[in-house]
Amino acid sequence: MPSNSNCVRPFFKRQSVSTRNWRLRIDDILDAIQNILSYTAGMDYSALSEDRRTFDAVIRNLEVIGKAAAHVPESVQISYPQVPWRQMKGIRNMLIHEYFGVDKEDYLENRTE
């Protein structure tokens, strides 16, 4: 059977993570927040917890927010102390690194009340 290796292309091309401008990271944060608000419009926590796709999408966008926040320079973070930078990074780390040890539903329920 012939190889299809020359048919393989990346799904999308993206800029190297390390060279991406921090302003684009702010856009990522704002987009992810808008996604969460859009996905959960009109939902209370009970409805969210029963809708696994939406729940997973919210979790994913929280991860994006935290990862993007981690790449915003400290000088920018210091200039905007009203933004919860540490909490954004912390929730991402908790969701990613303690995936099996954290009850995500309990965590989100406490944050949505």
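What the table shows:
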| item | result |
| --- | --- |
| Nearest-0.05 FRET efficiency for residue 87 and residue 45, computed from C-beta distance (R0 22 Å) | 0.70 |
| Shape metrics for region 19-112, restricted to C-alpha atoms - Rg then Dmax, Å | 13.8, 41 |
| Net length gained if the chain between residue 76 and residue 56 were fully extended (0.36 nm per residue, minus Cα distance) | 4.2 nm |
| Residue order, fewest to most beta carbons within 10 Å, for 94, 88 | 94, 88 |
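Each reported figure results from applying straightforward, stated rules to the coordinates on display, with no laboratory input. Everything numeric here is computed off the predicted structure, so don't read it as measured data. Heads up, the Cβs are rebuilt from the backbone with ideal geometry, glycines too, and the neighbour counts pull from every protein chain shown.
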